[in-house]
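Data first, discussion second: the structure below is written as C-alpha coordinates.
The values are calculated or read from the model by the stated rules, or taken from the named source; none is laboratory data. It should be emphasised that the depicted structure is a prediction, and the values quoted were computed from it without experimental measurement. A quick note on method: Cβ atoms are made from the backbone with ideal geometry, for glycine too, and the neighbour counts reach across all protein chains shown. Each accessible area value is taken on the protein alone, full model and side chains, heavy atoms only, with ligands, DNA and RNA left out. Shrake-Rupley method; radii C 1.70, N 1.55, O 1.52, S 1.80 Å.
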Amino acid sequence: MKNNILSPYSQARSKHTYNIVDDLKVSVTVTANPFGLSPDTLFAMAARMNKKRAFLFVSKVLGKHLPVNPYTSLLSGAALSLLLYKRYAADEQQHALANELLDDAIEGLTKPGRSEQVYHQVIEANLKLPEQALFIGFAETATALGHSMYRVFSEDCTYLHTTREQIPAIESLISFEEEHSHAVAHRCYALDAAFFNGNEPIVLVDDELTTGKTALNIIRDIQRQFPRQQYIVASLLDWRTEADEQRFVEAAQELGVSIEVLSLMKGVIRAEGSSPEQVAASAQTQAETFASGRLNKVYLDELFELASYSSVDSAGAVNASPYLAGTGRFGVRSSENRTLDASIAEAGAKLRSFRVGERTLCLGTGEFMYIPMRIAAELGQGVCYHSTTRSPVHPIDKPDYAIKSGQAFPSPEDEQVRNFFYNVGALQYDDCFIFAERDWPEDRLAPLLSALQACGFQQINVIICGPSKGSHKEEKA
(Lines give C-alpha, C1' and ligand atoms only; values in the text may rest on other atoms or scores of the structure.)
Protein backbone atom coordinates (compact mmCIF):
# COMPACT_ATOMS: atom_id res chain seq x y z
CA MET A 1 0.00 0.00 0.00
CA LYS A 2 1.35 3.43 -0.94
CA ASN A 3 2.53 5.61 1.93
CA ASN A 4 0.59 8.70 2.75
CA ILE A 5 2.86 11.62 1.86
CA LEU A 6 3.80 12.50 -1.68
CA SER A 7 7.30 13.32 -2.84
CA PRO A 8 9.50 15.09 -3.70
CA TYR A 9 9.52 16.98 -0.40
CA SER A 10 12.44 18.84 1.09
CA GLN A 11 13.62 16.93 4.12
CA ALA A 12 15.44 19.87 5.70
CA ARG A 13 14.36 20.00 9.33
CA SER A 14 13.90 23.20 11.29
CA LYS A 15 12.58 23.76 14.80
CA HIS A 16 10.46 26.69 15.96
CA THR A 17 9.27 27.36 19.51
CA TYR A 18 6.21 29.51 20.23
CA ASN A 19 5.77 30.87 23.76
CA ILE A 20 2.06 31.56 23.40
CA VAL A 21 0.99 32.81 26.83
CA ASP A 22 1.93 31.98 30.44
CA ASP A 23 3.17 28.37 30.49
CA LEU A 24 1.53 27.41 27.17
CA LYS A 25 4.29 26.62 24.69
CA VAL A 26 4.28 24.80 21.33
CA SER A 27 7.38 23.48 19.57
CA VAL A 28 7.11 22.85 15.83
CA THR A 29 9.68 20.73 14.01
CA VAL A 30 9.23 21.16 10.26
CA THR A 31 10.14 17.90 8.53
CA ALA A 32 8.94 18.57 4.98
CA ASN A 33 8.86 21.99 3.34
CA PRO A 34 8.75 21.58 -0.44
CA PHE A 35 8.67 25.31 -1.19
CA GLY A 36 11.01 26.58 1.50
CA LEU A 37 8.19 28.57 3.11
CA SER A 38 8.76 30.21 6.45
CA PRO A 39 6.20 29.04 9.02
CA ASP A 40 5.56 32.74 9.71
CA THR A 41 4.22 33.03 6.16
CA LEU A 42 1.54 30.43 6.80
CA PHE A 43 0.51 30.84 10.45
CA ALA A 44 0.84 32.50 13.84
CA MET A 45 -0.12 31.04 17.21
CA ALA A 46 -2.86 31.77 19.74
CA ALA A 47 -4.43 30.24 22.85
CA ARG A 48 -7.72 28.49 22.22
CA MET A 49 -10.77 28.25 24.49
CA ASN A 50 -11.15 24.52 24.07
CA LYS A 51 -10.45 21.82 26.66
CA LYS A 52 -9.59 19.35 23.89
CA ARG A 53 -6.71 21.47 22.57
CA ALA A 54 -5.30 24.59 24.20
CA PHE A 55 -3.67 26.22 21.16
CA LEU A 56 -4.56 27.20 17.61
CA PHE A 57 -2.54 27.57 14.43
CA VAL A 58 -4.01 30.80 13.08
CA SER A 59 -3.64 30.81 9.31
CA LYS A 60 -2.26 33.89 7.61
CA VAL A 61 -3.46 32.76 4.18
CA LEU A 62 -6.85 31.14 4.78
CA GLY A 63 -9.01 34.25 5.25
CA LYS A 64 -10.82 32.90 8.31
CA HIS A 65 -9.53 34.40 11.56
CA LEU A 66 -7.19 37.05 10.16
CA PRO A 67 -7.92 39.73 7.52
CA VAL A 68 -5.95 39.05 4.31
CA ASN A 69 -5.86 40.01 0.66
CA PRO A 70 -8.70 37.91 -0.83
CA TYR A 71 -6.42 36.76 -3.65
CA THR A 72 -4.02 35.36 -1.05
CA SER A 73 -6.80 33.13 0.25
CA LEU A 74 -7.78 32.04 -3.24
CA LEU A 75 -4.14 31.21 -3.99
CA SER A 76 -3.84 28.99 -0.91
CA GLY A 77 -6.43 26.65 -2.45
CA ALA A 78 -4.84 27.02 -5.88
CA ALA A 79 -1.46 25.94 -4.48
CA LEU A 80 -3.01 22.70 -3.26
CA SER A 81 -4.61 22.25 -6.69
CA LEU A 82 -1.22 22.57 -8.34
CA LEU A 83 0.25 19.94 -6.02
CA LEU A 84 -2.58 17.65 -7.12
CA TYR A 85 -2.04 18.51 -10.79
CA LYS A 86 1.66 17.75 -10.40
CA ARG A 87 0.82 14.41 -8.81
CA TYR A 88 -1.18 13.48 -11.94
CA ALA A 89 1.28 14.97 -14.49
CA ALA A 90 1.55 12.49 -17.33
CA ASP A 91 4.53 13.97 -19.20
CA GLU A 92 7.41 16.40 -18.89
CA GLN A 93 5.36 19.27 -20.30
CA GLN A 94 2.63 18.95 -17.66
CA HIS A 95 5.24 18.49 -14.95
CA ALA A 96 7.06 21.65 -16.05
CA LEU A 97 3.80 23.61 -16.16
CA ALA A 98 2.89 22.44 -12.65
CA ASN A 99 6.29 23.49 -11.30
CA GLU A 100 6.14 26.88 -13.02
CA LEU A 101 2.65 27.64 -11.70
CA LEU A 102 3.55 26.36 -8.23
CA ASP A 103 6.56 28.67 -8.08
CA ASP A 104 4.32 31.59 -9.08
CA ALA A 105 1.62 30.60 -6.57
CA ILE A 106 4.11 30.44 -3.71
CA GLU A 107 5.44 33.86 -4.74
CA GLY A 108 1.86 35.14 -4.72
CA LEU A 109 1.36 33.78 -1.20
CA THR A 110 4.48 35.50 0.08
CA LYS A 111 4.06 38.76 -1.89
CA PRO A 112 0.44 40.02 -1.71
CA GLY A 113 1.11 42.51 -4.51
CA ARG A 114 1.54 39.59 -6.90
CA SER A 115 -1.39 37.50 -5.71
CA GLU A 116 -4.07 38.86 -8.07
CA GLN A 117 -1.96 38.43 -11.20
CA VAL A 118 -0.85 34.94 -10.22
CA TYR A 119 -4.35 33.79 -9.32
CA HIS A 120 -5.72 34.79 -12.73
CA GLN A 121 -2.72 33.15 -14.36
CA VAL A 122 -3.52 29.84 -12.63
CA ILE A 123 -7.25 30.01 -13.48
CA GLU A 124 -6.57 30.93 -17.11
CA ALA A 125 -4.29 27.89 -17.49
CA ASN A 126 -7.52 25.81 -17.74
CA LEU A 127 -5.94 22.83 -16.02
CA LYS A 128 -7.56 19.43 -16.42
CA LEU A 129 -7.11 16.28 -14.40
CA PRO A 130 -6.82 12.96 -16.29
CA GLU A 131 -9.94 11.63 -14.56
CA GLN A 132 -12.97 12.98 -12.76
CA ALA A 133 -12.53 14.01 -9.14
CA LEU A 134 -14.89 14.86 -6.27
CA PHE A 135 -13.66 17.53 -3.83
CA ILE A 136 -15.05 17.81 -0.28
CA GLY A 137 -14.23 20.83 1.90
CA PHE A 138 -14.64 20.61 5.69
CA ALA A 139 -16.92 23.11 7.43
CA GLU A 140 -16.58 25.65 8.55
CA THR A 141 -13.00 26.69 8.14
CA ALA A 142 -12.17 24.98 4.83
CA THR A 143 -15.34 25.66 2.82
CA ALA A 144 -13.60 28.34 0.74
CA LEU A 145 -10.27 26.50 0.66
CA GLY A 146 -11.97 23.43 -0.81
CA HIS A 147 -13.96 25.49 -3.31
CA SER A 148 -10.92 27.44 -4.48
CA MET A 149 -8.97 24.18 -4.90
CA TYR A 150 -11.79 22.62 -6.94
CA ARG A 151 -12.25 25.78 -9.06
CA VAL A 152 -8.75 25.63 -10.55
CA PHE A 153 -9.76 22.65 -12.70
CA SER A 154 -11.83 23.56 -15.74
CA GLU A 155 -13.92 20.42 -16.21
CA ASP A 156 -15.01 17.00 -14.90
CA CYS A 157 -14.87 17.96 -11.22
CA THR A 158 -17.51 18.24 -8.51
CA TYR A 159 -17.41 19.99 -5.16
CA LEU A 160 -19.34 19.64 -1.91
CA HIS A 161 -18.67 21.13 1.49
CA THR A 162 -19.81 19.62 4.74
CA THR A 163 -22.13 21.67 6.92
CA ARG A 164 -23.16 21.98 10.56
CA GLU A 165 -26.62 23.21 9.54
CA GLN A 166 -29.75 21.07 9.82
CA ILE A 167 -31.90 20.95 6.67
CA PRO A 168 -34.82 18.58 7.43
CA ALA A 169 -36.09 18.25 3.86
CA ILE A 170 -32.85 16.65 2.65
CA GLU A 171 -31.23 13.49 3.91
CA SER A 172 -27.55 13.82 4.73
CA LEU A 173 -25.77 11.33 2.49
CA ILE A 174 -22.74 11.22 4.77
CA SER A 175 -22.44 12.19 8.43
CA PHE A 176 -19.33 12.10 10.58
CA GLU A 177 -17.69 13.80 13.55
CA GLU A 178 -14.70 16.09 14.01
CA GLU A 179 -13.55 14.86 17.39
CA HIS A 180 -11.32 17.74 18.54
CA SER A 181 -13.77 20.47 17.47
CA HIS A 182 -16.20 22.43 19.63
CA ALA A 183 -18.88 21.66 17.00
CA VAL A 184 -18.36 18.04 16.08
CA ALA A 185 -21.21 17.01 13.75
CA HIS A 186 -20.78 17.29 9.95
CA ARG A 187 -23.46 16.62 7.32
CA CYS A 188 -23.34 16.32 3.52
CA TYR A 189 -26.45 17.49 1.66
CA ALA A 190 -25.94 16.69 -2.02
CA LEU A 191 -29.14 17.41 -3.96
CA ASP A 192 -28.20 14.81 -6.55
CA ALA A 193 -28.61 11.44 -4.86
CA ALA A 194 -26.05 10.01 -7.31
CA PHE A 195 -23.39 12.53 -6.29
CA PHE A 196 -21.25 9.86 -4.59
CA ASN A 197 -22.14 6.95 -6.86
CA GLY A 198 -19.09 7.09 -9.14
CA ASN A 199 -15.68 5.57 -8.59
CA GLU A 200 -13.72 8.80 -9.06
CA PRO A 201 -11.05 9.77 -6.49
CA ILE A 202 -12.25 11.87 -3.58
CA VAL A 203 -10.12 14.83 -2.49
CA LEU A 204 -10.76 15.82 1.14
CA VAL A 205 -9.73 19.42 1.87
CA ASP A 206 -8.94 20.88 5.29
CA ASP A 207 -6.81 23.75 6.49
CA GLU A 208 -4.84 21.63 8.95
CA LEU A 209 -4.25 17.98 9.83
CA THR A 210 -3.48 17.52 13.51
CA THR A 211 -4.21 13.80 13.94
CA GLY A 212 -6.08 13.12 10.69
CA LYS A 213 -8.97 11.49 12.58
CA THR A 214 -11.58 13.68 10.87
CA ALA A 215 -10.36 12.60 7.43
CA LEU A 216 -10.36 8.94 8.44
CA ASN A 217 -13.85 9.28 9.90
CA ILE A 218 -15.32 10.54 6.64
CA ILE A 219 -13.35 8.01 4.56
CA ARG A 220 -14.81 5.17 6.61
CA ASP A 221 -18.34 6.53 6.26
CA ILE A 222 -17.97 6.98 2.51
CA GLN A 223 -16.54 3.49 2.08
CA ARG A 224 -19.51 1.96 3.91
CA GLN A 225 -21.96 3.53 1.49
CA PHE A 226 -20.11 4.61 -1.67
CA PRO A 227 -16.93 2.52 -1.93
CA ARG A 228 -14.08 3.46 -4.28
CA GLN A 229 -10.32 2.94 -4.59
CA GLN A 230 -8.63 6.28 -4.00
CA TYR A 231 -8.64 9.15 -1.50
CA ILE A 232 -6.38 12.19 -1.40
CA VAL A 233 -6.27 14.42 1.69
CA ALA A 234 -5.16 18.00 0.93
CA SER A 235 -4.25 20.38 3.73
CA LEU A 236 -2.20 23.54 4.17
CA LEU A 237 -0.47 22.08 7.25
CA ASP A 238 0.16 18.47 8.27
CA TRP A 239 1.12 17.90 11.92
CA ARG A 240 0.44 14.16 12.18
CA THR A 241 2.76 12.07 14.32
CA GLU A 242 4.31 8.79 13.15
CA ALA A 243 1.53 6.99 15.03
CA ASP A 244 -1.08 9.09 13.22
CA GLU A 245 0.55 8.31 9.87
CA GLN A 246 0.56 4.63 10.73
CA ARG A 247 -3.20 4.84 11.38
CA PHE A 248 -3.58 6.10 7.79
CA VAL A 249 -1.58 3.14 6.49
CA GLU A 250 -3.62 0.70 8.59
CA ALA A 251 -6.94 2.26 7.53
CA ALA A 252 -5.93 2.07 3.88
CA GLN A 253 -5.02 -1.61 4.25
CA GLU A 254 -8.20 -2.38 6.20
CA LEU A 255 -10.45 -0.65 3.66
CA GLY A 256 -8.51 -1.76 0.59
CA VAL A 257 -7.98 1.80 -0.66
CA SER A 258 -5.18 4.23 -1.39
CA ILE A 259 -4.93 7.26 0.94
CA GLU A 260 -2.43 9.98 0.05
CA VAL A 261 -1.73 13.34 1.66
CA LEU A 262 -0.75 16.66 0.08
CA SER A 263 0.33 19.67 2.14
CA LEU A 264 2.32 22.88 1.87
CA MET A 265 4.21 22.11 5.09
CA LYS A 266 4.63 19.02 7.23
CA GLY A 267 6.04 18.61 10.71
CA VAL A 268 5.50 17.45 14.26
CA ILE A 269 4.31 19.52 17.20
CA ARG A 270 4.80 19.27 20.94
CA ALA A 271 2.67 21.27 23.37
CA GLU A 272 3.32 22.10 27.01
CA GLY A 273 1.14 23.97 29.50
CA SER A 274 -2.52 24.93 29.31
CA SER A 275 -4.76 27.69 28.03
CA PRO A 276 -5.21 30.49 30.61
CA GLU A 277 -8.73 30.68 31.97
CA GLN A 278 -8.29 34.19 33.32
CA VAL A 279 -8.37 35.83 29.87
CA ALA A 280 -11.46 33.99 28.62
CA ALA A 281 -13.73 37.01 29.04
CA SER A 282 -11.54 39.22 26.86
CA ALA A 283 -13.09 37.84 23.66
CA GLN A 284 -15.95 40.27 24.10
CA THR A 285 -13.85 43.36 24.69
CA GLN A 286 -13.05 46.30 22.49
CA ALA A 287 -10.82 49.09 23.71
CA GLU A 288 -13.23 51.87 22.87
CA THR A 289 -16.71 52.28 21.40
CA PHE A 290 -17.17 54.70 18.52
CA ALA A 291 -20.22 56.42 17.13
CA SER A 292 -21.74 54.27 14.40
CA GLY A 293 -21.58 55.43 10.79
CA ARG A 294 -24.08 54.96 8.01
CA LEU A 295 -25.77 51.57 7.61
CA ASN A 296 -26.86 50.16 4.25
CA LYS A 297 -28.70 46.91 3.66
CA VAL A 298 -28.33 45.66 0.10
CA TYR A 299 -30.08 42.67 -1.48
CA LEU A 300 -28.50 41.00 -4.49
CA ASP A 301 -31.91 39.48 -5.25
CA GLU A 302 -31.69 37.78 -8.64
CA LEU A 303 -27.92 37.56 -9.18
CA PHE A 304 -27.45 34.06 -7.78
CA GLU A 305 -29.28 30.80 -8.37
CA LEU A 306 -31.19 29.65 -5.29
CA ALA A 307 -31.76 26.41 -3.40
CA SER A 308 -35.11 26.84 -1.67
CA TYR A 309 -34.74 24.82 1.51
CA SER A 310 -35.51 25.70 5.12
CA SER A 311 -33.13 25.14 8.00
CA VAL A 312 -33.82 24.45 11.67
CA ASP A 313 -31.60 25.88 14.38
CA SER A 314 -30.73 24.26 17.70
CA ALA A 315 -33.80 25.83 19.38
CA GLY A 316 -36.18 24.53 16.70
CA ALA A 317 -36.68 27.87 14.90
CA VAL A 318 -37.14 27.59 11.13
CA ASN A 319 -35.50 29.90 8.61
CA ALA A 320 -37.36 29.61 5.30
CA SER A 321 -35.08 32.02 3.43
CA PRO A 322 -33.50 30.18 0.48
CA TYR A 323 -29.83 29.24 0.32
CA LEU A 324 -27.60 29.95 -2.66
CA ALA A 325 -27.17 26.97 -4.97
CA GLY A 326 -23.54 27.71 -5.85
CA THR A 327 -21.86 27.65 -2.45
CA GLY A 328 -21.04 23.94 -2.54
CA ARG A 329 -23.34 23.05 0.37
CA PHE A 330 -25.60 21.14 -2.03
CA GLY A 331 -22.94 20.10 -4.55
CA VAL A 332 -21.68 21.94 -7.63
CA ARG A 333 -20.16 20.79 -10.92
CA SER A 334 -17.55 22.27 -13.24
CA SER A 335 -20.24 22.97 -15.83
CA GLU A 336 -21.81 25.47 -13.39
CA ASN A 337 -18.66 27.51 -12.78
CA ARG A 338 -19.19 30.06 -15.54
CA THR A 339 -22.65 30.94 -14.26
CA LEU A 340 -21.34 31.49 -10.73
CA ASP A 341 -18.35 33.48 -12.03
CA ALA A 342 -20.69 35.79 -13.93
CA SER A 343 -22.88 36.34 -10.87
CA ILE A 344 -19.84 37.13 -8.72
CA ALA A 345 -18.51 39.61 -11.29
CA GLU A 346 -21.89 41.34 -11.48
CA ALA A 347 -22.13 41.50 -7.68
CA GLY A 348 -18.65 43.02 -7.49
CA ALA A 349 -19.52 45.66 -10.09
CA LYS A 350 -22.70 46.55 -8.20
CA LEU A 351 -21.05 46.79 -4.78
CA ARG A 352 -17.91 48.65 -5.86
CA SER A 353 -19.85 51.91 -5.87
CA PHE A 354 -20.73 51.45 -2.18
CA ARG A 355 -17.12 51.84 -1.04
CA VAL A 356 -16.49 55.09 0.84
CA GLY A 357 -12.75 54.91 1.47
CA GLU A 358 -9.49 53.23 0.58
CA ARG A 359 -9.51 50.70 3.45
CA THR A 360 -12.35 48.19 3.16
CA LEU A 361 -13.10 45.09 5.23
CA CYS A 362 -15.17 42.30 3.68
CA LEU A 363 -16.49 39.81 6.21
CA GLY A 364 -17.95 36.43 5.31
CA THR A 365 -20.20 34.67 7.80
CA GLY A 366 -19.63 31.16 9.14
CA GLU A 367 -19.60 28.60 6.34
CA PHE A 368 -20.44 31.27 3.77
CA MET A 369 -16.88 32.13 2.77
CA TYR A 370 -16.08 31.43 -0.89
CA ILE A 371 -18.60 33.64 -2.68
CA PRO A 372 -17.91 36.63 -0.36
CA MET A 373 -14.17 36.05 -0.87
CA ARG A 374 -14.59 36.11 -4.62
CA ILE A 375 -16.78 39.25 -4.47
CA ALA A 376 -14.20 40.92 -2.21
CA ALA A 377 -11.57 40.22 -4.86
CA GLU A 378 -13.71 42.15 -7.36
CA LEU A 379 -13.92 45.32 -5.24
CA GLY A 380 -10.52 46.77 -6.09
CA GLN A 381 -7.41 47.69 -4.10
CA GLY A 382 -7.26 48.17 -0.35
CA VAL A 383 -9.66 45.31 0.46
CA CYS A 384 -9.07 42.79 3.25
CA TYR A 385 -11.18 39.68 3.70
CA HIS A 386 -11.90 37.19 6.45
CA SER A 387 -14.93 35.58 8.11
CA THR A 388 -16.84 35.23 11.33
CA THR A 389 -16.07 31.97 13.08
CA ARG A 390 -17.22 29.57 15.76
CA SER A 391 -13.64 29.23 17.02
CA PRO A 392 -13.23 30.70 20.52
CA VAL A 393 -9.74 32.19 20.83
CA HIS A 394 -8.17 34.21 23.65
CA PRO A 395 -7.37 37.73 22.35
CA ILE A 396 -4.13 39.02 23.88
CA ASP A 397 -2.50 42.22 22.68
CA LYS A 398 1.17 41.31 22.66
CA PRO A 399 3.90 40.99 20.00
CA ASP A 400 3.96 37.82 17.85
CA TYR A 401 0.56 36.71 19.15
CA ALA A 402 -1.99 36.06 16.39
CA ILE A 403 -5.23 37.37 17.89
CA LYS A 404 -4.94 40.89 19.29
CA SER A 405 -8.64 41.69 19.76
CA GLY A 406 -12.01 40.06 19.31
CA GLN A 407 -15.76 40.49 19.39
CA ALA A 408 -18.30 37.84 20.40
CA PHE A 409 -21.98 37.74 19.43
CA PRO A 410 -24.79 35.18 18.98
CA SER A 411 -24.88 33.81 15.44
CA PRO A 412 -27.69 35.29 13.32
CA GLU A 413 -28.29 31.76 12.00
CA ASP A 414 -28.55 30.18 15.45
CA GLU A 415 -28.76 32.28 18.60
CA GLN A 416 -27.53 29.36 20.69
CA VAL A 417 -24.19 29.39 18.84
CA ARG A 418 -21.57 31.92 19.80
CA ASN A 419 -19.67 33.52 16.91
CA PHE A 420 -16.59 35.73 16.82
CA PHE A 421 -14.56 37.98 14.59
CA TYR A 422 -10.98 38.90 15.36
CA ASN A 423 -8.32 41.54 14.73
CA VAL A 424 -10.63 44.27 13.51
CA GLY A 425 -9.07 47.23 15.27
CA ALA A 426 -10.78 50.48 16.12
CA LEU A 427 -10.75 52.86 13.12
CA GLN A 428 -8.65 50.36 11.15
CA TYR A 429 -10.97 50.47 8.13
CA ASP A 430 -13.13 53.10 6.44
CA ASP A 431 -16.00 50.78 5.64
CA CYS A 432 -17.21 47.20 5.97
CA PHE A 433 -19.17 44.76 3.81
CA ILE A 434 -20.73 41.95 5.84
CA PHE A 435 -21.99 39.14 3.60
CA ALA A 436 -24.98 36.93 4.46
CA GLU A 437 -26.07 34.01 2.30
CA ARG A 438 -29.70 34.32 3.45
CA ASP A 439 -31.93 37.00 4.89
CA TRP A 440 -31.94 37.42 8.66
CA PRO A 441 -34.56 39.07 10.88
CA GLU A 442 -33.42 42.39 12.32
CA ASP A 443 -33.31 41.18 15.92
CA ARG A 444 -30.91 38.38 14.98
CA LEU A 445 -28.69 40.71 12.97
CA ALA A 446 -28.53 43.39 15.70
CA PRO A 447 -25.80 41.83 17.93
CA LEU A 448 -23.42 41.43 14.97
CA LEU A 449 -24.08 44.99 13.84
CA SER A 450 -23.49 46.26 17.36
CA ALA A 451 -20.13 44.48 17.45
CA LEU A 452 -19.17 45.98 14.08
CA GLN A 453 -20.32 49.47 15.01
CA ALA A 454 -17.93 49.41 17.96
CA CYS A 455 -15.08 49.35 15.44
CA GLY A 456 -15.81 52.83 14.11
CA PHE A 457 -16.58 52.20 10.44
CA GLN A 458 -17.79 55.21 8.47
CA GLN A 459 -20.22 52.88 6.72
CA ILE A 460 -21.41 49.30 7.20
CA ASN A 461 -22.97 47.52 4.23
CA VAL A 462 -25.02 44.43 5.02
CA ILE A 463 -25.08 42.38 1.82
CA ILE A 464 -27.85 39.78 1.59
CA CYS A 465 -26.93 37.59 -1.36
CA GLY A 466 -30.40 36.04 -1.58
CA PRO A 467 -33.83 37.60 -2.18
CA SER A 468 -35.65 40.05 0.08
CA LYS A 469 -39.36 39.62 -0.52
CA GLY A 470 -40.99 37.08 1.78
CA SER A 471 -37.59 35.59 2.36
CA HIS A 472 -37.78 34.83 6.06
CA LYS A 473 -40.26 33.51 8.51
CA GLU A 474 -39.64 32.01 11.89
CA GLU A 475 -41.64 29.17 13.34
CA LYS A 476 -41.15 25.98 15.29
CA ALA A 477 -40.30 22.86 13.35
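Picking from GLY212, GLY267, GLY198, which residue would you name as being surrounded by fewer than 18 Cβ atoms within 10 Å (Cβ to Cβ) and among the small types (Gly, Ala, Ser)?
Selected residue: GLY198, the only one of GLY212, GLY267, GLY198 that is surrounded by fewer than 18 Cβ atoms within 10 Å (Cβ to Cβ) and among the small types (Gly, Ala, Ser).
I'd like the full set of residues that are open to solvent by 10 Å² or more (accessible area, probe 1.4 Å), in contact (Cβ under 8 Å) with a residue 40 or more places away in the chain and under 20 Å from VAL68 (Cα atoms), limited to the stretch 403-418.
Selection gives SER405, GLN407.
Taking the options ARG151, ARG164, name whichever one is under 30 Å from SER311 (Cα atoms), touching a strand residue (DSSP E or B) at 6+ places or on another chain (Cβ under 7 Å) and open to solvent by 10 Å² or more (accessible area, probe 1.4 Å).
ARG164 is the lone residue from the list that is under 30 Å from SER311 (Cα atoms), touching a strand residue (DSSP E or B) at 6+ places or on another chain (Cβ under 7 Å) and open to solvent by 10 Å² or more (accessible area, probe 1.4 Å).
Output the residue which, of all residues in the stretch 248-278 that are outside any strand (DSSP E or B) and closer than 28 Å to MET49 by Cβ, is modelled with the lowest pLDDT.
Checking each candidate, the answer is GLN278.
Failed condition for SER353, given (1) over 30 Å from PRO276 (Cβ atoms); (2) in contact with a Ser or Thr (Cβ under 8 Å, 6 or more places away or on another chain), with all others met?
The number of the failed condition is (2).
What's the number of the condition ALA446 fails, among (1) out of contact with any Cys (no Cβ under 8 Å at 6 or more places or on another chain); (2) open to solvent by 30 Å² or more (accessible area, probe 1.4 Å); (3) part of a loop (DSSP other than H, G, I, E, B); (4) of a type in the set (Gly, Ala, Ser)?
Status for ALA446: all satisfied but (3).
From the list ARG220, ARG224, which one is of a type in the set (Lys, Arg), in contact with a helix residue (DSSP H, G or I) (Cβ under 8 Å, 6 or more places away or on another chain), open to solvent by 10 Å² or more (accessible area, probe 1.4 Å) and more than 23 Å from PHE57 (Cα to Cα)? So that I can check it myself, show each step before the final result.
Working: ARG224 fails: in contact with a helix residue (DSSP H, G or I) (Cβ under 8 Å, 6 or more places away or on another chain).
That would be ARG220, the only listed residue that is of a type in the set (Lys, Arg), in contact with a helix residue (DSSP H, G or I) (Cβ under 8 Å, 6 or more places away or on another chain), open to solvent by 10 Å² or more (accessible area, probe 1.4 Å) and more than 23 Å from PHE57 (Cα to Cα).
Check ILE136, ILE170 and return the single one that is among the hydrophobic types (A, V, I, L, M, F, W, C) and either at pLDDT below 95 or not in a strand (DSSP E or B) (or both).
Working: ILE136 fails: either at pLDDT below 95 or not in a strand (DSSP E or B) (or both).
On inspection, the qualifying residue turns out to be ILE170.
Please enumerate the residues belonging to the stretch 139-153 that are in contact with a Lys or Arg (Cβ under 8 Å, 6 or more places away or on another chain) and part of a loop (DSSP other than H, G, I, E, B).
ALA139, GLU140, THR141 - these are the residues of the stretch 139-153 that are in contact with a Lys or Arg (Cβ under 8 Å, 6 or more places away or on another chain) and part of a loop (DSSP other than H, G, I, E, B).
Given the criterion assigned to a strand (DSSP E or B), touching a residue at least 40 places away in the same chain (Cβ under 8 Å), open to solvent by 10 Å² or more (accessible area, probe 1.4 Å) and not aliphatic (A, V, I, L, M), identify the matching residue among CYS384, CYS362. Spell out how you get there, then give the answer.
Values: CYS362 fails: open to solvent by 10 Å² or more (accessible area, probe 1.4 Å).
The unique qualifying residue is CYS384.
From the list ALA349, ALA325, ALA377, ALA315, pick out the single residue that is over 20 Å from the mean Cα position of the chain (by Cα) and closer than 17 Å to CYS465 by Cβ.
Details: ALA325 fails: over 20 Å from the mean Cα position of the chain (by Cα); ALA377 fails: over 20 Å from the mean Cα position of the chain (by Cα); ALA315 fails: closer than 17 Å to CYS465 by Cβ.
Only one candidate passes the filter, namely ALA349.
Can you name the condition, by its number, that LYS398 falls short on among (1) of a type outside the set (Ser, Thr, Tyr); (2) in a strand (DSSP E or B); (3) open to solvent by 10 Å² or more (accessible area, probe 1.4 Å)?
(2)
Please state which of the following conditions GLN229 fails to meet, knowing it meets all the rest: (1) open to solvent by 30 Å² or more (accessible area, probe 1.4 Å); (2) more than 28 Å from LYS128 (Cβ to Cβ); (3) touching a residue at least 24 places away in the same chain (Cβ under 8 Å).
Exception for GLN229: condition (2).
Can you tell me how many residues within the stretch 429-443 are under 11 Å from ILE460 (Cβ atoms) and open to solvent by less than 10 Å² (accessible area, probe 1.4 Å)?
4
Within the stretch 412-436, take every residue that is among the hydrophobic types (A, V, I, L, M, F, W, C) and part of a loop (DSSP other than H, G, I, E, B) and give me the one that is farthest from ARG359 (Cα to Cα).
Looking at residues that are among the hydrophobic types (A, V, I, L, M, F, W, C) and part of a loop (DSSP other than H, G, I, E, B), I get VAL417.
Which residue is farthest from the chain's Cα centre (by Cα), if the candidates are limited to the stretch 186-195 and must be closer than 18 Å to HIS147 by Cβ and open to solvent by 30 Å² or more (accessible area, probe 1.4 Å)?
In this case the residue turns out to be ASP192.
Among the residues of the stretch 208-218, is any assigned to a loop (DSSP other than H, G, I, E, B), touching a Leu at 6+ places or on another chain (Cβ under 8 Å) and at pLDDT below 95?
No: the stretch 208-218 contains no residue that is assigned to a loop (DSSP other than H, G, I, E, B), touching a Leu at 6+ places or on another chain (Cβ under 8 Å) and at pLDDT below 95.
Which ranges mark the helices (runs of 4 or more DSSP H) fully within the stretch 21-128 that have 2 or more residues being farther than 22 Å from MET373 by Cβ?
Working: elements: 39-42, 70-88, 92-110, 112-124.
By residue number, 39-42, 70-88, 92-110.
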